[in-house]
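Data first, discussion second: the structure below is written as C-alpha cells.
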Amino acid sequence: MDAWRRLIRGLDWAAGSRVFKIAVFVACAVPIAGLTYRFWQAYSGASSEALGTDPTMTLLHETGHTAITLLLLSLTVTPIRRVLHINRIQNVRRMLGVWSFTYVAIHLSIYLVFDQLCYSVATCDGRAIWNDLLKRPYIFMGQLGFVILLALAITSTNGWQRRLKRNWGRLHKLVYAAALAGIIHFIWIQKAGYYKPFPWMVWLGIVLGIRVYYAARKRMGRARAPATA
C-alpha cells in the first residue's frame with residue numbers, strides 16, 4: 001500500500017511538472033507536423049504517394065481521428081484525477097481541449113478548401129455547402145460538433161470563467177455532446193461496419209459511466225447529510 005501511495009505521489013508530481021506540460025504539447029503537435037510534411041512532399045512532387053491515392057480523404061481522416069482522440073483524452077483527465085488521485089494532471093486538460101479544437105478547425109478547413117473549393121469568401125458557394133449539409137447527415141453532425149467546440153474554445157479562458165461563474169461549468173459539459181457528435185460523424189461515414197469507431201464508443205461510455213457514478217455518489221452523500229446531522 002505504501003508503495004502504491006508513493007507511486008501515485010510520484011505520478012502526481014510528474015503530472016504537475018513543466019516538463020510534462022511541454023511533453024503533452026509536443027505530443028499534440030506531432031501529428032499535424034507530420035501531416036504537414038507529407039502534404040508538402042505530395043504538393044512539391046517529392047513523393048506523390050505521401051498522402052495515398054486520395055490525399056483529401058487522408059487529410060480529413062487523420063485530422064478527424066486526432067481531434068476525436070485528443071477530445072477523449074481531455075475527458076479522461078477528470079476520471080484519472082478522481083480514481084487515481086493524480087490531481088495535477090488537471091493542468092493539461094485545457095491544453096488537450098484546445099488542441100482538439102485546433103484539429104477540428106483544420107479538418108473543417110480541409111473540407112471547405114479541397115472538397116468545396118472554398119479558397120476565399122468570394123469563391124465560397126454557401127448554397128452548395130448548405131445543400132451538402134442536408135444531403136450528407138454526417139457532415140451536419142460534424143458541423144454540430146465544431147460549433148460546440150468553438151463555443152467552448154472561446155470561453156475556455158480564465159476571464160470567461162469569471163464572467164460566466166457557475167454557468168461556465170454547465171456550458172462546458174457540452175463537451176460530451178461534442179464528443180458524441182464527433183463519434184456519430186465518423187460512424188455515419190463508415191460503409192462497412194462500426195469496428196473502427198467502436199473503441200471510441202467504448203472509451204466515451206467508460207468516461208461517462210465514471211462521471212455518472214461520482215455524480216450519483218455525491219448526491220447520495222448530500223441526501224444523507226441532513227439525516228445524520
For this session: Kindly indicate whether any position in the stretch 5-23 is hydrophobic (A, V, I, L, M, F, W, C), modelled with pLDDT of 90 or more and within 13 Å of the chain's Cα centre (by Cα).
Result: no
For this session: Report, by residue number, each residue of the stretch 154-168 that is in contact with a helix residue (DSSP H, G or I) (Cβ under 9 Å, 6 or more places away or on another chain) and open to solvent by less than 30 Å² (accessible area, probe 1.4 Å).
Result: 155, 156
For this session: Mind counting the residues in the stretch 44-66 that are assigned to a helix (DSSP H, G or I) and surrounded by 13 or more Cβ atoms within 10 Å (Cβ to Cβ)?
Result: 12
For this session: Kindly indicate the residue of the stretch 88-124 that is assigned to a loop (DSSP other than H, G, I, E, B), open to solvent by 80 Å² or more (accessible area, probe 1.4 Å) and not small (Gly, Ala, Ser) and also modelled with the highest pLDDT among those meeting that condition.
Result: 117
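The values are calculated or read from the model by the stated rules, or taken from the named source; none is laboratory data. These numbers come from a predicted model, not from an experiment. In this analysis, Cβ positions are derived from the backbone assuming ideal geometry, glycine residues included, and neighbour counts consider all displayed protein chains. Note: accessible area is taken over every heavy atom of the protein model, side chains too, but ligands, DNA and RNA are not part of it. Shrake-Rupley method; radii C 1.70, N 1.55, O 1.52, S 1.80 Å.
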